[in-house]
1. Check segment A:10-21 and report whether any residue there is modelled with pLDDT under 90, at the interface with chain B (Cβ under 9 Å from one of its Cβ atoms) and in a helix (DSSP H, G or I).
2. Restricting attention to segment A:25-62, and to residues there that are surrounded by 18 or more Cβ atoms within 10 Å (Cβ to Cβ) and among the charged types (D, E, K, R), which single residue is nearest to A:Arg229 (Cα to Cα)?
3. Could you pull out the residue among B:Thr200, B:Thr112 that is touching a residue at least 12 places away in the same chain (Cβ under 8 Å), of a type outside the set (Asp, Glu) and closer than 29 Å to A:Asp115 by Cα?
4. Given the conditions (1) at the interface with another protein chain (Cβ under 9 Å from one of its Cβ atoms); (2) over 30 Å from A:Asn100 (Cα atoms); (3) surrounded by 18 or more Cβ atoms within 10 Å (Cβ to Cβ); (4) touching a Leu at 6+ places or on another chain (Cβ under 8 Å), and given that B:Ile188 satisfies all but one, which numbered condition is not satisfied?
5. Just for segment A:463-517: of the residues that are exposed (fewer than 13 other Cβ atoms within 10 Å of the Cβ) and small (Gly, Ala, Ser), which one is nearest to the chain's Cα centre (by Cα)?
6. Is there a residue in segment A:95-110 that is aliphatic (A, V, I, L, M) and either more than 8 Å from chain B (Cβ to nearest Cβ) or more than 30 Å from A:Gly412 (Cβ to Cβ) (or both)?
7. Looking at A:Ala453, A:Ala442, A:Ala483, which one is under 15 Å from A:Leu398 (Cβ atoms) and touching a Pro at 6+ places or on another chain (Cβ under 7 Å)?
Amino acid sequence: MKSLIHYPVKVFATGFVVLTLLSIPLFWFRFWCQTSLVVRMPSEARDVSITPSGLVPPELENDPNVVNRSRVSARMIVGPFFLGIADYFLARFPGGRHSNIYYYDKKDEDWMYFDEETGQIVCRYTGVQRMPDKTILKKKVQLYVGPEGISESPGKNLGRFTSPVVSISLWLTLYDKKLRRFFYFDLDERTVVKGPQLPKDDTHKPIDIGILRKGYEFESLNWSPPQVRASEEDIKERRSSSYELPPIVRRYYRYPSGQYLLVLDESGRIDLLDRETLEFAGTAGWLPAPKTFFPSKEVVTPKDLLSYDVLPLALDTDQKYRGMFAVSVSREGTAMALAVFDEKGVQIKTEHTKLRKYRGRSADVDSSKAVFFEAPWAPVSTIGIYLAENLHPLLLSLVSYFTADSFEAAAGHRALFILPNSFVAMKGRDVSENTAERIITALLLMLPSIILAILLAWRVNIDATTVGLSENARLCWMIGTIAFGLTAYITYRLTRPKITLVTCQNCGNLRRPDMNRCHRCGSKWHIPELTPPAWRVLGRSEQVYEGLPAEEAEAE
Amino acid sequence: MFTLIKKEIEDHIAYFIGAAVLSAILIALLISAMYQPEPRDMPVFIGLSIPVIVILIVGFPAMGSTQMYTDRTRKISTLLSTLPVSRRQILCARIITGILAILTLLLPLTITMVILFPLFTPPIQMYLGLVWEIFAAAFLMAFACYCLGLLTGWNSSKIIPTLGGLVLTSILLPLIFVKGFGLHTVVILLLFIIASLMRTWHTFMSTSL
């Protein structure tokens with residue numbers, strides 16, 4: 001009875017060990033192939049630019065002296081993807097997504113962090129005080145910031161923040177998810193400005209304020225204003241050289257989003273927040289969706305993107321918000337989209353990374369497709385990834401298909417068991433086909449895996465029959481092998497009964513010696529009947545009685 | 001039970017001495033790195049710690065493997081079974097000895113880090129829980145490697161106990177690089193340890209004396 005209970009436990013335990021030890025080498029193989037693909041991606045397929053940028057007033061953009069028009073450009077800097085260990089430390093360093101420290105200056109020992117115990121934000125900085133004799137006195141100031149006020153010492157009267165989303169720039173703005181309102185802090189005046197509380201039915205879910213950026217290691221976004229030739233007067237006065245092209249207008253760096261602050265919503269929408277009233281003032285735009293290998297949804301959330309960056313624009317001439325540029329890199333890190341939104345939040349221009357091919361006539365290939373087939377040796381790496389994915393358990397591939405969107409994009413590159421970046425999962429995100437078509441295509445993509453699983457299940461069945469496993473056990477093994485493929489097969493080989501078989505006298509096949517009946521023909525053991533022999537071995541010569549035998553004599 | 005553990009420690013004292021020596025070396029490297037004002041010397045410390053880590057990688061599966069292989073070939077558990085000792089107790093004592101060897105290495109190192117961190121980091125909640133998370137992941141990884149040693153050691157041939165544990169450890173160890181020291185690694189390693197211990201348990205208990 002105990003062995004009956006122990007056997008499944010042994011199988012599951014061995015199965016998990018095998019699954020883990022098989023998944024890690026497969027991960028490294030996929031990682032190596034994927035890295036080689038993105039590293040060899042043609043340079044042209046990494047860049048995207050829009051000229052003119054669309055946000056500069058026409059009178060400046062079309063000025064007759066303009067030599068170069070305004071330009072917004074972005075570049076994918078996709079090298080080797082971050083492994084978990086690097087991500088672990090980066091996320092915990094000051095400014096990282098798992099760190100409560102928003103700012104830290106080691107040299108001056110200035111910092112700003114959220115103290116979870118008090119629920120207050122602690123700011124330490126070097127305060128400058130002008131003395132009556134016009135000398136400047138520098139001293140360290142440590143302030144405690146709560147929803148109810150600012151003080152030099154922590155106290156309950158300051159209130160508590162629960163889960164703040166903080167913007168650190170020239171002004172300190174904060175959104176508290178529990179209090180559902182924005183706050184603005186003036187550290188010099190030591191005042192707190194509260195915004196109106198958002199209604200309970202309000203759909204806004206801010207996740208980032210001010211500088212909206214994720215995974216900046218994977219892309220760069222730049223804007224250059226229209227440039228004019230240097231005037232003779234400037235050259236004469238050596239303010240500018242003859243080969244320099246000074247800008248006709250400059251970006252207003254002090255307040256790059258003018259009178260507003262940009263707020264990124266969980267849905268991917270970017271809202272405008274009035275800096276003065278701390279109220280939403282409209283939509284600034286949204287994160288653009290890159291063109292992926294299989295067409296995926298057009299509305300992307302921050303979780304769906306490996307990287308994004310938003311650049312608001314205000315010019316130093318009027319210091320008003322003019323619009324913004326948003327760039328996003330796809331989950332797989334193979335495509336990028338750049339979009340321009342005007343001050344009303346209308347998308348006026350969009351561009352995607354692509355590769356121009358010349359085969360008789362020129363044609364544009366999306367970078368997400370070009371990366372797999374157009375770079376030198378790319379098809380080899382692509383086939384490598386595809387085969388490695390097909391060695392993965394069939395069941396986990398199916399789970400990857402159905403949970404394709406559930407995982408954070410960067411985490412997908414470190415996946416061991418469920419693969420959100422596999423071809424099957426990419427198909428799961430496809431929106432160009434209906435559900436049935438998608439499932440059929442996904443099954444076609446999994447065809448090598450299915451064939452392998454069936455082949456292994458067939459072999460397991462043959463061996464299990466030979467070994468003498470019961471019909472139920474064989475059925476379980478076949479289902480398990482189809483679901484887990486190579487993992488189940490290795491598990492079976494490690495856990496199969498190790499018994500030396502003997503030949504059955506009835507059917508001639510090999511049978512188990514520990515079972516009562518032959519598992520092939522059902523016959524019992526042929527045990528010869530123990531009949532006593534007719535002969536005897538005696539110690540002396542046999543005497544022959546002359547008379548009747550004793551029994552007969554008694555009868556008479 | 002204590003007698004069994006004591007006997008196991010005596011039989012594998014070399015591993016305990018090795019763990020203590022390596023721990024001392026790592027502590028010395030850590031203190032030197034902390035007090036070294038020049039960041040350019042950091043690669044030297046990292047370079048020195050690599051051989052130590054390699055020895056550790058080999059060490060823990062080797063200990064598990066030695067324990068099981070010695071038992072298998074010298075029939076130690078068969079002999080002990082003649083005394084009032086169950087096989088369950090023998091295996092438990094063996095596993096506890098393994099855990100003690102790992103703690104001999106990691107605990108002094110972690111205590112040193114806990115003491116040194118506040119001295120060299122600002123008085124704010126910097127790197128919150130970092131030391132304990134790294135300790136947990138390192139402990140579980142070392143224990144998982146030890147469990148692989150236990151798993152491969154129960155074999156009468158010499159090749160599998162010698163190379164099997166080493167090969168499987170070199171496959172498992174990069175899990176830290178793939179997943180980092182966070183919760184994912186802890187969960188995977190915990191499940192892996194439970195699974196490999198169950199397999200070892202089953203093999204050990206069902207083998208005839």
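1. Looking through segment A:10-21, at least one residue is modelled with pLDDT under 90, at the interface with chain B (Cβ under 9 Å from one of its Cβ atoms) and in a helix (DSSP H, G or I).
2. It comes out as A:Glu61.
3. B:Thr112
4. Exception for B:Ile188: condition (2).
5. A:Ser470
6. No: zero hits.
7. A:Ala483
Residue by residue, here is whether (1) buried (at least 17 other Cβ atoms within 10 Å of the Cβ); (2) under 24 Å from A:Asp208 (Cα atoms); (3) within 17 Å of the chain's Cα centre (by Cα); (4) not assigned by TED's automatic domain parsing to the domain that holds A:Cys33 holds:
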| position | (1), (2), (3), (4) |
| --- | --- |
| A:Asn68 | no, no, no, yes |
| A:Arg71 | no, no, no, yes |
| A:Ala74 | yes, yes, no, yes |
| A:Pro94 | yes, yes, no, yes |
| A:His98 | no, yes, yes, yes |
| A:Tyr104 | yes, yes, no, yes |
| A:Asp108 | no, no, no, yes |
| A:Trp111 | yes, yes, no, yes |
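The values are calculated or read from the model by the stated rules, or taken from the named source; none is laboratory data. Note that the structure is predicted; figures quoted are calculated from it, not measured. A quick note on method: Cβ atoms are made from the backbone with ideal geometry, for glycine too, and the neighbour counts reach across all protein chains shown.
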